[in-house]
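First up is the structure itself, then whatever we jot down about it.
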Amino acid sequence: MKKPGRHFDTALVRNSLNEKLLTFSHKRLIKDLEEIQNEKIPTVGVTARPLETDLFTWHANIRGPEKTPYEGGVFHLELKFPQSYPNHPPTIRIFNNIPHPNVFGGYICLDILQQYDSKVEEGSGWTSAYSVQSILTQLQSFLFEENLSADKAKVEMEIKKAVKDANSFKCASCKHGGKLSLWPAFNSKENSIEEFETIEDENEIIRKELICFHTKLTYQQNQLGLGVNISKIPRTGLIKDGETFFDYISIKAFIKESRNLTSHNEKITHWLPVYFGSGDNEDRFFHLLKKAFSMIMTNSTKNFRP
């Protein structure tokens, strides 16, 4: 019998699941895993992996930052992703007590973990641009921020106890056995200063930025474009106003996944393709550009007139 929590890579994930049955949520979580496994510069102090038997349940470790009361502590968490991920945020449970005014038992009160509500504030709450990696780095900053409680001595004692308890915690759902038996383990590269000195071709750096914030697909995998918010005069249908948002969104995200918000949760009504030159598909770009302009002007993709 395989032990729960055993490490596995994305190739095994893909092989264990029928490609034809993979939902968008499956594919997006695999993309998140690839981001963690393939990072050239290690992210210090955070790590996560899905459980072997459940791609939608991940376990993570977050290390207390140096020169803080949490230094030396390793805190174990569980992230449960809904079938609607990344349109909806995961629920996160902390297995170890952390003295923090916004942590209630295992519950974390954090803006990025709350579903976006257009009635509250545009740009706030969860966004599908977040990945497992970015969630954890946000949590690391949030959980270990300075506690401004008046009773500093009491808080420091609570933190000291929390660090001790966290380092001896043994998880019943994975192989994590405390600080001396971590699962998942931190990236071994983070202990080498040379790993933070990387030389990359300028074009390679640019290409890494050309991805859809929602699907995490590159411009070579799916046509990327920009979201546009256009308002029209109801009586005439003429364009009244328009605004373009400069974060890349793929046609798959806009059409197939019905993503009508930017990475900052701003409303978009239309989509325009962007051509990136060498390496991009020129024929595909012009074909989609005609359809996009036709949709903006006539509300149909079939009425393009140059």
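A few points about this structure:
- Placing pseudo-labels 7 Å out from each Cα toward the beta carbon at F246 and K290 gives an inter-label distance of 3.0 nm.
- Cα gyration tensor, segment 226-306 - rounded (a/c under 1.5), prolate or oblate: oblate
- With 32 Å as the limit, the listed pairs K80/K208; K31/K160; K161/K208 have K31/K160; K161/K208 beyond it between alpha carbons.
- Positive minus negative residues near V132 (Lys, Arg vs Asp, Glu; Cβ under 9 Å): -2
- Packing-based ranking, highest mean first, of 236-248, 160-172, 262-274 given that Cβ atoms within 10 Å are counted: 262-274, 160-172, 236-248
- Taking a ≥ b ≥ c as the square roots of the eigenvalues of the alpha carbon gyration tensor, segment 26-129 is oblate, as a/c is not under 1.5 and a/b does not beat b/c.
- Cross-link partners for K164 among the lysines, with Cα-Cα distance under 16 Å and sequence neighbours closer than 8 places in the same chain left out: K154, K179.
Just so you know, all these numbers are worked out from the coordinates, no wet-lab data involved. Source: prediction; values computed, not measured. Don't worry about glycine lacking a Cβ; one is built from the backbone with ideal geometry, like all the others, and counts go over all protein chains shown.
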